1. If residue 74 satisfies all but one of (1) surrounded by fewer than 21 Cβ atoms within 10 Å (Cβ to Cβ); (2) modelled with pLDDT under 95, what's the number of the condition it fails?
2. Looking at 15, 23, can you tell me which residue is modelled with pLDDT under 95, more than 15 Å from the chain's Cα centre (by Cα) and on the phi < 0 side of the Ramachandran plot?
3. Filter the stretch 33-53 down to residues that are touching a strand residue (DSSP E or B) at 6+ places or on another chain (Cβ under 8 Å) and not in a loop (DSSP other than H, G, I, E, B), then give me how many there are.
4. Pairs only if they're at least six apart or on different chains, beta carbon under 8 angstrom, first in the stretch 26-55 and on the phi < 0 side of the Ramachandran plot and surrounded by fewer than 16 Cβ atoms within 10 Å (Cβ to Cβ), second in a loop (DSSP other than H, G, I, E, B) and modelled with pLDDT under 95; list them, first residue then second.
5. So residue 56 ticks every box in (1) in a helix (DSSP H, G or I); (2) more than 23 Å from residue 147 (Cα to Cα) but one. Which box is left unticked?
6. Among the residues of the stretch 114-121, is there at least one that is in contact with a helix residue (DSSP H, G or I) (Cβ under 8 Å, 6 or more places away or on another chain) and over 18 Å from residue 60 (Cα atoms)?
7. Starting from residues that are assigned to a loop (DSSP other than H, G, I, E, B) and touching a strand residue (DSSP E or B) at 6+ places or on another chain (Cβ under 8 Å), keep the ones in the stretch 78-106 and report whichever is nearest to residue 120 (Cα to Cα).
8. Counting residues that are surrounded by 14 or more Cβ atoms within 10 Å (Cβ to Cβ), which helices (runs of 4 or more DSSP H) fully inside the stretch 107-156 reach at least 2?
């Protein structure tokens, strides 16, 4: 009985630690915007870099394959542009902005696990030339996204 209680406490502790790690990234990454579908976007001039959040990669588990869009393809805010496959599931990835794909992270073809190890830096998915900057106003900031994740996790 004591072993089960200890294991339960340990699991609870690790879950909290992992989530605090996500919150830590979100706190540090004040310059990012977030979609409620768990993608992040960082805008530099007219180009937005897009990836999946630390929270998303944590829930997916080890990423084994990434389906990226073609350079030159059009993407629409809220529409799927690719997929991330993990050992647990395959999930569509949705664009937080509309525009034209100007670059994809080709490194992910050989190293999809980079999304797990560095979701906000090396594990980005695509860069988009933004066609409507007003769409950025519909996205969440770091604090709003953290609260959204806490509420979502509380449901499960």
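The values are calculated or read from the model by the stated rules, or taken from the named source; none is laboratory data. Everything quoted here is computed from the prediction, not taken from an experiment. Note that each Cβ is placed from the backbone with ideal geometry, even for glycine, and that neighbours are counted across all protein chains shown.
1. Of (1) surrounded by fewer than 21 Cβ atoms within 10 Å (Cβ to Cβ); (2) modelled with pLDDT under 95, only one is false for residue 74: (2).
2. 15
3. Selection size over the stretch 33-53: 13.
4. If the second residue must be in a loop (DSSP other than H, G, I, E, B) and modelled with pLDDT under 95, the pairs left are 30/141.
5. The single condition residue 56 does not satisfy is (2).
6. no
7. That would be 105.
8. 114-117, 142-155
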